[in-house]
Structures are given as C-alpha cells and as structure tokens.
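Throughout, read-outs are computed from the coordinates displayed, never taken from laboratory work. Keep in mind that what you see is a predicted model, and the values were worked out from it rather than measured. Reconstructed Cβ throughout: ideal geometry from the backbone, glycine too, with neighbour counts over all protein chains shown.
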Amino acid sequence: MKKKIIILGATGSIGKSVLDIVKKFKDRFDIVGVSTHQNEKSMRNICAQFEPKNVIFTNRKLEKTSNKSYYTGCSNLYFGSESFPDFLNIDFDLLVNGISGFDGILPTFLAIEMGKDIAIANKESIVSGGNILIERALQNGSKLIPIDSEHNALFQIIKNYNPNDIKKITLTASGGPFRKDTFDMLVNRKISDALNHPTWKMGPKNTIDSATLMNKGLEVIEASILFSIPSNKIEVLVHPESIVHGLVYLIDGGIISYMSQPDMRIPIYNALNFPNIYEHYLKQTEFTSLNFYELKEEVFPSIRIARSALDKGFIATSFFNAANEIAVDSFLNEKIKFTDIFSIVETVTGLSNNGNPKSIEEVFEYDKLARKFAYNEVKKYII
Ligand code: NDP
Ligand code: MG
C-alpha cells in the first residue's frame with residue numbers, strides 16, 4: 001500500500017527535497033495534495049510531473065488569475081488559507097509541513113484535529129503554539145515527526161529511552177557564515193553575506209535565522225516542546241561540519257549521537273518512512289575530523305533570549321517567533337541592520353506576559369499582538 005502524502009510548501013527548499021525523494025520511490029508514496037503560496041511556475045511543473053489531485057495556493061489573490069487548465073493532472077484547485085479545511089478533507093496518511101513561518105500553524109492544527117500524522121519542518125508553528133499542538137496531538141492520537149535535522153536526530157535516539165534515563169541533550173549549530181565574527185563585525189553584515197550559508201541550502205528566512213543563530217534559539221524552544229525537556233537540560237554546541245546533529249547524555253554515563261551528511265533528504269526520508277527504516281539512494285557520509293566549539297554568547301545573544309522566553313512560558317515563545325519574523329523581513333527589505341534583529345526580538349519578548357496560551361485562538365491573538373509590538377519596534381531602527 002502506498003503512503004498517501006500531502007506536501008505543504010512544495011515549492012520551497014524542504015518541499016523540493018520531499019519531491020526528490022518521492023520521484024525515486026513512486027512505488028512507495030502517492031502525492032494527493034500540494035501547497036504553494038504563489039509560485040505558479042513551479043506548481044505547473046509539479047502538477048505535470050506528480051499529478052497531485054489537490055492543489056492549494058495560499059495567496060488568495062491568485063484566484064482571479066489562475067486557470068485550472070494550466071495544472072495538468074490536478075482536478076481541484078483551492079485559494080487562500082481559509083480553504084485549508086476543504087483542501088484537507090481528503091484521504092491521506094501523512095501531512096508534510098514545509099511552509100515557512102507562523103502561517104504554517106493552521107494546517108498543522110487542522111491535521112492534528114483530524115488525528116493525522118505530521119512530518120513537520122515548520123518550526124515556527126511549534127515555537128508559537130507548541131503547548132496547544134502537543135496537547136491536541138496527544139488527545140487525538142496524531143504523531144508529530146520532526147524533520148528539522150537536529151530534532152529528527154534526537155527523536156530517533158530519545159524514542160528508545162525513558163525520560164528518566166536522559167540527563168541532558170545537545171543540539172549542534174553550524175555557527176552560520178559569521179561564526180568567527182566579533183559583534184562589531186556583525187553590525188555591518190549585508191544581506192548577501194547573511195544569505196551565504198556554509199553548509200546548508202535553505203529558504204531566505206531560515207538562512208538569515210542561521211546567520212543570527214535565532215534558528216538555534218527557535219530550535220532550543222522546539223526541542224523543549226517536542227521532547228518535554230526544560231531549557232536548562234538543552235545545550236548548544238557549535239559544530240561547523242554539520243555532521244553530528246544531536247547528542248543525548250544518558251544517566252549511565254553514555255552519550256549517544258546521530259550523524260549524517262548535511263542534506264535534508266536524510267531527515268525527510270526518515271520522517272516519510274517512519275516508523276520503518278529503508279535504504280537511501282544518497283551516498284553515506286565519509287569524514288576524517290570533526291570540530292566542536294563553545295557558542296560565543298557575547299556575540300550571538302539569540303539563545304539567551306530564547307531561554308528567557310521559555311522561562312516565561314509559551315506566550316513569550318510566540319512573541320519571540322513573531323518578533324523574529326518581522327525583524328528578518330525588515331532586514332531582508334533593507335530597513336534595519338543585521339544586529340537590530342537581536343534588539344527587536346529581545347525587546348518584544350520582554351513585553352510578553354508570563355504563562356501559556358490556552359487555546360489555538362489565543363495563539364493567533366498573541367501572534368498578532370506581538371507583530372504589532374514588533375512593527376513599532378522596527379520603526380525605531382529604520383536605517
Ligand atoms: P522556503 O522559503 O524555501 O519555502 C517556503 C515554502 O512555504 C514555499 O513553498 C512557499 O511558497 C511557502 N510559503 C511561503 N509563505 C507562505 C505563507 N504565508 N503561507 C503558506 N505558504 C507559504 O523555506 P524552507 O523550505 O527553507 O523552510 C520551510 C520550513 O522548514 C521553515 O519553517 C524552516 O524553518 C524549516 N526548515 C527548513 C530547513 C531547510 O533546510 N530549508 C531545515 C530545517 C527546518 P512560494 O514558493 O509560493 O513562496
Ligand atoms: Mg535545524
């Protein structure tokens with residue numbers, strides 16, 4: 001029996017890696033639905049090649065211009081994220097969420113309510129609404145399988161142990177393109193410098209997050225939520241080769257690590273096949289030396305700010321995420337300097353109340369409020 005999958009964010013970096021795998025294993029996977037925000041050209045190619053019956057353009061504006069006949073093999077077109085309930089009302093086994101940013105939360109939540117399993121790359125939704133998503137997933141019997149490489153690595157180790165067996169976990173960080181910078185050097189970093197990641201090829205938002213190390217801040221929060229581990233038991237280690245993705249320290253003195261080359265098609269393949277393990281078509285990594293360094297917290301305050309958000313609760317983690325999304329967008333639009341991202345995120349996170357959202361509606365309200373604060377904060381830094 002083929003696994004019926006939906007790929008959200010099919011035109012992005014994660015989406016393309018999923019499609020690459022499906023192309024090689026058409027006997028194992030059947031794509032029944034795909035989403036893009038507005039990339040019509042890529043969607044036409046995807047439709048011609050994979051013939052998914054259901055397509056959603058989350059940008060509603062495309063409804064006026066799109067023509068069904070452009071999309072050979074796709075019989076149902078949907079427009080606007082408000083169409084997600086109709087789009088998801090089909091027979092599927094696994095939702096793969098490769099949407100970038102908070103907007104990925106709605107389909108994740110809807111799939112959880114349907115009791116479906118989700119292979120999730122969209123870390124922003126976990127950071128913003130994680131406590132609600134996890135609670136509802138447990139109640140509905142829906143599994144969240146992480147795609148983020150560090151979390152996928154940790155997931156594969158942690159599932160073999162009892163919570164009490166684990167002393168602490170470590171997430172590795174490549175350190176990004178500015179690993180060797182001083183803070184003074186960071187101030188003048190340009191967009192083109194920040195988009196030049198040494199090991200991973202990703203979409204623009206995630207690439208900037210890797211340069212600021214906000215990505216690792218988001219990931220500390222993501223790990224805390226997914227694995228129910230407090231922030232003081234989650235460490236970060238800089239590892240430029242990005243081969244060791246995660247470490248789990250056991251109470252018996254052992255340390256278990258998960259290694260693979262930096263290619264997202266490895267964690268994605270694992271998540272698509274979960275709970276089974278199958279042979280990959282990628283060549284296994286070869287390495288001779290691995291390096292590890294302490295994180296320079298005095299240069300990159302991102303993880304300290306993320307921990308302070310976690311200490312306040314999940315309202316604050318949602319503020320952390322929303323402020324970061326606005327700040328990154330402002331940097332990419334040349335409105336603020338690279339290091340202003342830190343100040344904006346820290347200030348907005350500090351404006352949050354303590355405590356947790358009590359419903360998905362509250363998650364949306366807190367995100368909206370945090371964005372309002374963040375826009376006001378950005379105004380103070382306009383170049
Ligand atoms: P990309 O920018 O490459 O792709 C984003 C995808 O989401 C595109 O299909 C895009 O459509 C769609 N999209 C953009 N905006 C919206 C919106 N408002 N509503 C719905 N869909 C939207 O991102 P990545 O693939 O790099 O990242 C996706 C997610 O995976 C992020 O959460 C990221 O943090 C996470 N992740 C990514 C990794 C990577 O290696 N890339 C590694 C680990 C995690 P369109 O093409 O039309 O713009
Ligand atoms: Mg990661």
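Across the chain, the mean sequence separation of Cα contacts (distance under 8 Å, 6 or more residues apart), normalised by length, yields a relative contact order of 15 percent.
Counting pairs of Cα atoms in region 108-220, how many percent are more than 18 Å apart?
Details: 3760 of 6328 pairs.
Taking all Cα-Cα pairs of region 108-220, the fraction more than 18 Å apart is 59 percent.
The residues neighbouring Lys337, those whose beta-carbon lies less than 10 Å from its own, together hold a net charge of +1 under the Lys/Arg +1, Asp/Glu -1 convention.
Most tightly packed first, judged by the mean number of other beta-carbon atoms within 10 Å of their residues, the peptides 357-368, 307-318, 209-220, 265-276 read 209-220, 307-318, 265-276, 357-368. For the chain, a crude dipole built from +1 on the beta carbon of Lys and Arg and -1 on the beta carbon of Asp and Glu, taken about the Cα centre, is about 720 debye to the nearest 20.
List every DSSP H helix in the chain whose Cα atoms extend 18 Å or more along the helix's own long axis and whose mean Kyte-Doolittle hydropathy is at least -0.5.
Working: long enough: 123-140 (22 Å, -0.07); 214-227 (19 Å, 0.84); 314-332 (27 Å, 1.01); 360-379 (29 Å, -0.70).
Membrane-span-like by this rule: 123-140, 214-227, 314-332.
Once you reduce region 220-267 and region 109-133 to the center of their Cα atoms, the two points are 21 Å from each other. If R0 is 51 Å, the Cβ-Cβ spacing of Glu135 and Thr65 corresponds to a FRET efficiency of close to 0.80.
Could you give the length gained by full extension between Lys23 and Gln49, i.e. 0.36 nm per residue of separation minus their alpha carbon distance, to one decimal place?
On the way: separation 26, 0.36 × 26 = 9.36 nm, distance 0.88 nm.
Taking Lys23 through Gln49 to full extension adds about 8.5 nm, to one decimal.
When each of the peptides 78-91, 11-24 is scored by the mean number of other C-beta atoms lying within 10 Å of its residues, the order from highest to lowest reads 11-24, 78-91. Ordered from longest to shortest, the equivalent ellipsoid semi-axes for the chain are 30, 26, 21 Å, each the square root of 5 times a Cα gyration tensor eigenvalue.
Can you give the charge dipole size of region 171-251 about its Cα centre, rounded to the nearest 20 debye, using +1 on the beta carbon of Lys and Arg and -1 on the beta carbon of Asp and Glu? Don't skip to the end; give the middle numbers.
Numbers: 8 positive and 8 negative charges, 26 e Å.
Here the size comes out at about 120 debye.
Projecting the Cα atoms of Thr288, Gly254, Ser174 onto the dipole axis of region 162-314, where Lys and Arg carry +1 and Asp and Glu carry -1 at the beta carbon, places Ser174 farthest toward the positive end. Ranked by the mean number of other Cβ atoms within 10 Å of their residues, highest first, the peptides 58-64, 233-239 fall in the order 233-239, 58-64. In sequence order, region 248-262 has phi-based couplings of 10, 8, 9, 5, 7, x, x, 10, 9, 10, 10, 10, 6, 5, x Hz under the Karplus curve 6.51 cos²θ - 1.76 cosθ + 1.60, θ = phi - 60°, and Gly or Pro positions carry x. Restricting to Cα pairs below 8 Å that are 6+ residues apart, what does the relative contact order work out to for region 235-383? Please round to a whole percent. RCO, region 235-383: 21 percent.
Spin-label model, Asp311 to Ile90: label points 7 Å out along the Cα-to-beta-carbon direction sit 4.7 nm apart.
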